[in-house]
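The values are calculated or read from the model by the stated rules, or taken from the named source; none is laboratory data. Predicted, not measured: the structure shown is a model, and the values here were computed from it. Methodologically, a virtual Cβ is constructed for each residue, glycine included, from the backbone with ideal geometry; neighbour enumeration extends over all protein chains shown. These area figures cover heavy atoms from the full protein model, side chains too; ligands, DNA and RNA do not enter into them. Shrake-Rupley method; radii C 1.70, N 1.55, O 1.52, S 1.80 Å.
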Amino acid sequence: MFKKLYSAWILGGLLLILVGILIYFLNNQPEVIKDESHKKADKKILEVNDYGGEHLQTVGQKVHQKNFSTLKLVKNIPVNKNYKMSSMIITIKDIRIIELSDMDDDTKESLSAYTGLTFEEAAKRHYKENLSMEEIGEIAEFSKIEIDKKITYFEITYSVQNTSSKEVQFFSLQDCTFNDDLTYSVPDNNFIFSDDTFMGTKSVSRIDYKPNEKREGIIGLINDSGDVIKQITSFSFTTDDLLDGDTHELIEKAKTFKLDFSK
C-alpha cells in the first residue's frame, strides 16, 4: 500500500514539474508583433479636391472629396452609344450608381435642394385644386427629402457634338427616367455642373453650340424615391427642341431615347 502511495506521489510530482515547465515556456515566448501596416494601407481612402466620381474605377472603390463627401461606386453600366438628332450627336458613355456618406450638415442641406418636386411639377399635379403660387411653392418645398447618413445618386457621363456649320440652341438631356419609374427634370435636379450643364440648362439662359463644337457632360441625380436601388434595368432621356442659334426657328422637335439593360 505504501509502495502504491509512493508511486502516486512520484507521478503527481512529475506531472506538477511538467505543468510548471509548460507554463514557463508559454509565458516566456518572444512576443510576435503583427504587421498591420498593409491592412491600414488598404483601408486608406484617396482624398481629392476635384469631383470624386471621376476617380472611381471599380465597384466597391471609395474616394473622399474634400468638403463634400465620401463616394463609393455601387453600380457601373458602360453604355458608349450614339444618338443622333439632326446635326447633334449625343453619346451616352456610362450610367452609374454612387453612394455618398460622411457628409456634414451643410452638404446634406445643399443636396436636399435638388430633390423632390419642382414648382412646375407641383403645379401640374395640383392644377385642379386652384392653389395659389405660394401654396404650390410650399408643396414643392415640402416634397424635398431630408438627407440621412447615406444617400445614392445616379451619375450619367455623356458628350454632345454639333456637327453642322451653324450655331444651334439645344440641351440633350432635358428629362431622365430610370427603371421606367423614377423621373427627373435635369435642369432642376442635377447637382453636378460640368462643361455642358454649366453653360445653361434652361432655354432662356442656354449658350448656343458653335459649329462643330463638342461638350463633355456629367449629370448627378439624387435617388429620392425612398427605395434602395442597386440595379438599373432601363434608362430613357428626352431632349429639348433643337433650334437655330440665330433665327431660333425649330430644326427638330424634342425626342425620347430609351436603353434597356434588363436583357
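Exposure check, 1.4 Å probe, all protein chains in place: F119 carries approximately 80 Å² of accessible surface. Whole-Hz Karplus values for the range 78-94 come out as x, 10, 6, 10, 9, 10, 9, 9, 6, 8, 9, 10, 9, 10, 8, 8, 9 Hz, taken residue by residue from phi with 6.51 cos²θ - 1.76 cosθ + 1.60 and θ = phi - 60°; glycine and proline positions read x.
Just check the range 94-185 against the gyration tensor rule for me: Cα atoms, a ≥ b ≥ c as the square roots of the eigenvalues, rounded for a/c under 1.5, and otherwise prolate or oblate depending on whether a/b exceeds b/c. It is oblate, given that a/c is not under 1.5 and a/b is not larger than b/c.
Toward the positive end of the charge dipole of the range 135-174, with +1 on the Cβ of Lys and Arg and -1 on the Cβ of Asp and Glu, the farthest Cα among T152, S164, G137 is that of S164. Across the options L182, T233, N223, the greatest Cα extent toward the positive end of the charge dipole of the range 145-263 (unit charges at beta carbon of Lys, Arg, Asp, Glu) belongs to T233. Past the 23 Å Cα-Cα mark, which pairs from K62/K108; K72/K230; K84/K166; K84/K210; K66/K230; K166/K255? Distance filter (> 23 Å) returns K66/K230. If you take the Cα centroid of the range 125-144 and the Cα centroid of the range 50-75, the two points sit 36 Å apart.
Computed across the range 45-129, the Kirkwood radius stands at 15.8 Å (inverse of mean 1/r, all Cα pairs).
Post the alpha-carbon centroid distance, the range 211-263 to the range 163-183, in whole angstrom. Between the Cα centre of the range 211-263 and that of the range 163-183, the gap is 4 Å. Starting from the Cα of S112, move 7 Å in the Cα-to-Cβ direction to define the label point; list residues of the range 130-155 whose amide nitrogen is under 17 Å from there. Only 138-152 pass the distance filter. A simple spin-label model places the labels of D105 and L182 2.7 nm from each other, with each point 7 Å out along Cα-to-Cβ.
A probe of 1.4 angstrom, applied to the heavy atoms of all protein chains, finds D246 with accessible area near 120 square angstrom. For the range 108-120, backbone phi angles converted through the Karplus equation (6.51, -1.76, 1.60; θ = phi - 60°) give residue-by-residue couplings of 4, 5, 5, 5, 4, 5, 9, 10, x, 7, 7, 4, 5 Hz, Gly and Pro being listed as x. Only protein heavy atoms count here; under a 1.4 Å probe, E141 has an accessible surface of about 110 Å².
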